[in-house]
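Asker: Mind having a look at this structure? Questions to follow.
We did not get these values from a lab; they are worked out from the coordinates using the rules stated. Please read these numbers as outputs of a predicted model, since none were measured by experiment. Please note: Cβ atoms are built from the backbone with ideal geometry, for glycine as well, and neighbour counts cover all protein chains shown.
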Amino acid sequence: MDPMTPFSDPGALMQKKYVKLIAALAVVMAGGSAYLLTRPSVWDTATPLVARTGPVDLLADLDPDAPSDGWKERRFFRITPTTYQLTQEDDRTALRCTTDNAASILARDTDIALAALPILSWSWKLTQPIDSDIDETTRDGDDHALRFYLRFINETGTETGTEIIWSNKSYAAGDYKIIDGFYHLVATGHDAPLNTWQDNRVDLRQVYRDIGGTGSPTLDVFGFFCDSDNTGSRSDGFFADISLSAG
């Protein structure tokens, strides 16, 4: 064999090694991309709450100290988590949410078609509101003592999220607060009295349409998202009698 053939050329051998390395990196990157595209949602638990008839008590199987299958708490890096505690308040079983420059989401994996159970009903009571001069209408002021986090998915797999809030200082009941295209339905306005239970009833089908949802939606995440980390403030309040029903 001619000693100058590519097979014995040191430069050619090095080039082949580079080609193999690049090919290997391409495989790894392709695998990583495939994982990112197919990895399960952070809220997927393999044990969703499935319901086709109601009413459904959304606090029935919750123990914040030891969340059961189907519940998850999402905590954020370097942020103190919200304190969620199941308790009795005014002879009601209630979820108490307390923050001190804190934030986390406690959520239930669900599989509930809005066509069957569209009406969300609940009571909540605010005992310590967010006290901050930071504008609630901005991302920096986007803290709420009492807030639901909801996510819907339709038959094509399109996900749409929203939140339902008790306004701090800026909004009236029925308003939508919109930040960067994300909708927050104001269920209780800023002028509602403290230390008093506020009863609410919302048709999630209408909410889904209002936020631009299409197709036939299923509620696939239902959560509590009480926070005060943006404003560095404190808050305290209660949720009770939370249910989904046909009407």
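Asker: Could you tell me whether Ile179 is under 13 Å from Glu136 (Cα atoms) and surrounded by 13 or more Cβ atoms within 10 Å (Cβ to Cβ)?
Answerer: yes
Asker: Counting only residues that are of a type in the set (A, V, I, L, M, F, W, C) and closer than 25 Å to Thr218 by Cβ, which one in the range 182-205 is surrounded by the fewest Cβ atoms within 10 Å (Cβ to Cβ)?
Answerer: In this case the residue turns out to be Phe182.
Asker: Sticking with this one: Run down Asp133, Asp91 and say which single residue is without any contact (Cβ under 8 Å) to a residue 24 or more places away in the chain and closer than 24 Å to Gly181 by Cα.
Answerer: Matching residue, one of Asp133, Asp91: Asp133.
Asker: Are any of the residues in the range 70-84 surrounded by fewer than 15 Cβ atoms within 10 Å (Cβ to Cβ) and among the acidic types (Asp, Glu)?
Answerer: no
Asker: Can you tell me which residue is nearest to Arg201 (Cα to Cα) among those in the range 174-184 that are out of contact with any strand residue (DSSP E or B) (no Cβ under 6 Å at 6 or more places or on another chain) and part of a loop (DSSP other than H, G, I, E, B)? First the steps, then the outcome.
Answerer: The first filter runs over the range 174-184 and keeps only residues out of contact with any strand residue (DSSP E or B) (no Cβ under 6 Å at 6 or more places or on another chain), leaving 174, 178-182.
Filter once more, keeping what is part of a loop (DSSP other than H, G, I, E, B): 174, 180-181.
Details: Gly174: 11, Asp180: 26, Gly181: 24 Å.
Per the stated criteria, the residue is Gly174.
Asker: Then there is this: In the range 204-221, what count of residues is obtained for those that are in contact with a Leu (Cβ under 6 Å, 6 or more places away or on another chain) and not aliphatic (A, V, I, L, M)?
Answerer: Here the count works out to 2.
Asker: If I ask for residues that are among the aliphatic types (A, V, I, L, M) and part of a helix (DSSP H, G or I), which ones from the range 200-234 would you list?
Answerer: Leu204, Val207
Asker: Determine the pairs where a residue that is touching a residue at least 12 places away in the same chain (Cβ under 8 Å), located within the range 60-84, has a partner that is of a type in the set (Asp, Glu) and in a strand (DSSP E or B) with Cβ atoms under 6 Å apart, the partner being 6 or more residues away or on another chain.
Answerer: Gly70/Asp109
Asker: While we're on this one: Could you tell me which residue of the range 144-163 is surrounded by the most Cβ atoms within 10 Å (Cβ to Cβ), considering only residues that are touching a Pro at 6+ places or on another chain (Cβ under 7 Å) and not in a strand (DSSP E or B)?
Answerer: Ala145
Asker: So which residues in the range 203-224 are of a type in the set (A, V, I, L, M, F, W, C) and under 18 Å from Leu49 (Cα atoms)?
Answerer: Leu204, Leu219, Val221, Phe222, Phe224, listed by residue number.
Asker: Just checking, does the range 174-191 include any residue being without any contact (Cβ under 8 Å) to a residue 12 or more places away in the chain and over 19 Å from the mean Cα position of the chain (by Cα)?
Answerer: no
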